[in-house]
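The values are calculated or read from the model by the stated rules, or taken from the named source; none is laboratory data. Just so it is clear, the model here is predicted, and its values are computed rather than measured. Note that each Cβ is placed from the backbone with ideal geometry, even for glycine, and that neighbours are counted across all protein chains shown. The accessibility values were calculated without ligands, DNA or RNA, using every heavy atom of the protein model including side chains. Shrake-Rupley method; radii C 1.70, N 1.55, O 1.52, S 1.80 Å.
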Amino acid sequence: MTADQLIARDVAPSNRPATEAERWVELIRSSFAAVEPQAEELGKHFYSTLFSRAPETRDLFPVNMEVQRSRLLRALVHVVQMVDQPDDLQPFLQQLGRDHRKFGVLSQHYDAVGEALISAIATHSGTAWTPEVDKAWNNAYDIVADAMQRAAAAERGPASWMGRVVDHRRIGWDLAVVTVETSEPVPYQAGQYVSVETPHRPRLWRYLSPANAPRRDGTIEFHVRAVENGWVSRAVVAHSQVGETWRIGPPMGRMAVPEHTDRELLMIAGGTGVAPMKALLDEVRQRRNPPRTQVFVGGRTWEDLYDFTALRKLSYSEPWLDVIPVVESEDDAAGAETGTLADVVTRYGAWSDHDVLVCGSPSMIRSTVSRMLVAGTPLDRITYDPFTMD
C-alpha cells in the first residue's frame, strides 16, 4: 500500500500476509493512536529529553517553542509511519536530509532525536509499550535516520541560499505576493516547494511554493496567505518589507508534469495551491508541444480566487489551456462552477486518461484524491505532496 493509498483511505485491503515492515507500521500506528490525545505532553517530554541529551540542539529552534512544540514530533511520527512505502518514503527522506543541513544537524543529533521520540511515546504508553512495539519504533526510526544522513553526507551544494525581498504586494488583508531575488539560483524545479526563514521569525521556518519556473535573474515569486496561528505567514503578509533578507532551504516535493507522455493534464488548485500550478504552467508553456491542460481553481468565494484573472488571461493566449473557476458559495457563483473542488472535478468524469496534479490544503487534497479514486481515476495518475506543513 502506498502513501497515497494511506491518505486517501479508499483502497481495499489486500488479502496477502503482511510484510515485516507493514507489521511494524501497524504496531506504530496503533501505539501512537493510543497516546495521540496526550500530544501536548508528548511534545513537552520530547523536547525536554532532546535538550537534556543534546543541549546544543536548543540553538536550532526558535526562542518561543509554542509553535514548534508539536511540529517536529508530528513530522517524525508521520515519516516513521511511512516506513513500509519505500517508493514514496525514500525520495522524501533524501530531500529531508538535504534540507536539514541548513540547521547544522550532526550525526549525534539524529541519535538524540530518536531517543527522545521513543522515550516520549514509551513513557506515555504505559503497559501498552511492549518489546515488540519498542522494536518496531526503533527499527523504523533507524531506517529514516540512515536515509536522511546518507543523503545529507552526499550533498555538495549549499545548505541554504540568501535572498533579498525586491517586491511585497498586498492583495488583501490576509494575502501577499512577495518576490525574492537570490544571491545565486536556487536549483528548484517548477512545482516544488522550499522552506523559508524571515528576519521576523528567526529559526522558525515555513514551506512556500514558488509561483514561477526558475528564471535567469534568480527571482522567485511566493504567494503567502496569513493563516490562523501562523506566526510566519502572518508576519510575512503584514510586516515584510523590500530590502529585508530571507534564507531559503533546499527544494522539496515531487509535483511535476511528465515530459514524455501523450496524456492530457489535469491541474486542481485550492487557495494558494495555485502558486505551484502557475510555476508548472510557466514551465509547460516553454515546451515545443505543451499537453492539453485543464485547470480547476477553487475557493469558498470569488474573492478567494485571487489570481484567476491572470490565469484566464494566460488561457486566452495559449490554445492548449482551459481554466475553470470553482466556488463553494452559491450566492457568489456567477460565472463559476458551484461546489467543492472534489464535487466539481468528479462531476466532469473520472479523468482516467489524464495525468492529475492536486495542490491545496491537506483537507482539500484528501477529499479530492479520495473522491477521484472512487470516481475511477487510477491512483498512479494522481500526484500531490502529502507531507507539507504550515
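Go through the residues of segment 145-153 one by one and say whether even a single one is among the acidic types (Asp, Glu), assigned to a helix (DSSP H, G or I), surrounded by fewer than 20 Cβ atoms within 10 Å (Cβ to Cβ) and touching a residue at least 60 places away in the same chain (Cβ under 8 Å).
Within segment 145-153, not a single residue is among the acidic types (Asp, Glu), assigned to a helix (DSSP H, G or I), surrounded by fewer than 20 Cβ atoms within 10 Å (Cβ to Cβ) and touching a residue at least 60 places away in the same chain (Cβ under 8 Å).
Can you name every residue in segment 185-229 that is among the basic types (Lys, Arg), over 17 Å from CYS359 (Cα atoms) and touching a residue at least 24 places away in the same chain (Cβ under 8 Å)?
ARG201, ARG203
So which residues in segment 96-123 are of a type in the set (Asp, Glu) and touching a Ser or Thr at 6+ places or on another chain (Cβ under 8 Å)?
ASP99, GLU115
Please specify each residue of segment 186-204 satisfying the condition of being assigned to a loop (DSSP other than H, G, I, E, B), within 13 Å of the chain's Cα centre (by Cα) and on the phi < 0 side of the Ramachandran plot.
Within segment 186-204, GLN192 is the sole residue that qualifies.
I want to confirm something. Restricting to segment 205-224 and keeping residues that are open to solvent by 20 Å² or more (accessible area, probe 1.4 Å) and closer than 19 Å to MET252 by Cα, which single residue is nearest to the chain's Cα centre (by Cα)?
Checking each candidate, the answer is TYR207.
VAL227 versus (1) of a type in the set (A, V, I, L, M, F, W, C); (2) open to solvent by 50 Å² or more (accessible area, probe 1.4 Å); (3) outside any helix (DSSP H, G or I): which is the lone unmet condition?
VAL227 satisfies every listed condition except (2).
With out of contact with any Leu (no Cβ under 7 Å at 6 or more places or on another chain) and at positive phi as the only criterion, which of GLY249, GLY243, GLY230 stands out?
From the options GLY249, GLY243, GLY230, the qualifying one is GLY243.
Among PRO325, PRO276, PRO319, which is the only one that is in a loop (DSSP other than H, G, I, E, B), modelled with pLDDT of 95 or more and either within 23 Å of SER209 (Cβ to Cβ) or open to solvent by 10 Å² or more (accessible area, probe 1.4 Å) (or both)?
Just a single option satisfies the conditions, and that option is PRO319.
Give me a count of the residues in segment 126-169 that are under 30 Å from THR182 (Cβ atoms), in contact with a Phe, Trp or Tyr (Cβ under 8 Å, 6 or more places away or on another chain) and not charged (D, E, K, R).
Residues in segment 126-169 being under 30 Å from THR182 (Cβ atoms), in contact with a Phe, Trp or Tyr (Cβ under 8 Å, 6 or more places away or on another chain) and not charged (D, E, K, R): 5 in total.
Restricting attention to segment 328-353, report how many residues are farther than 18 Å from ARG366 by Cβ and surrounded by 21 or more Cβ atoms within 10 Å (Cβ to Cβ).
The qualifying residues number 1.
Can you go through ASP343, ASP380, ASP355 and tell me which one is more than 20 Å from GLU221 (Cβ to Cβ), touching a residue at least 40 places away in the same chain (Cβ under 8 Å) and of a type in the set (Asp, Glu)?
Testing whether each residue is more than 20 Å from GLU221 (Cβ to Cβ), touching a residue at least 40 places away in the same chain (Cβ under 8 Å) and of a type in the set (Asp, Glu) leaves just ASP355.
Identify the residue in segment 98-126 that is of a type in the set (D, E, K, R) and under 17 Å from THR57 (Cα atoms) and, among all such residues, is surrounded by the fewest Cβ atoms within 10 Å (Cβ to Cβ).
Filtering first and then ranking leaves ASP111.
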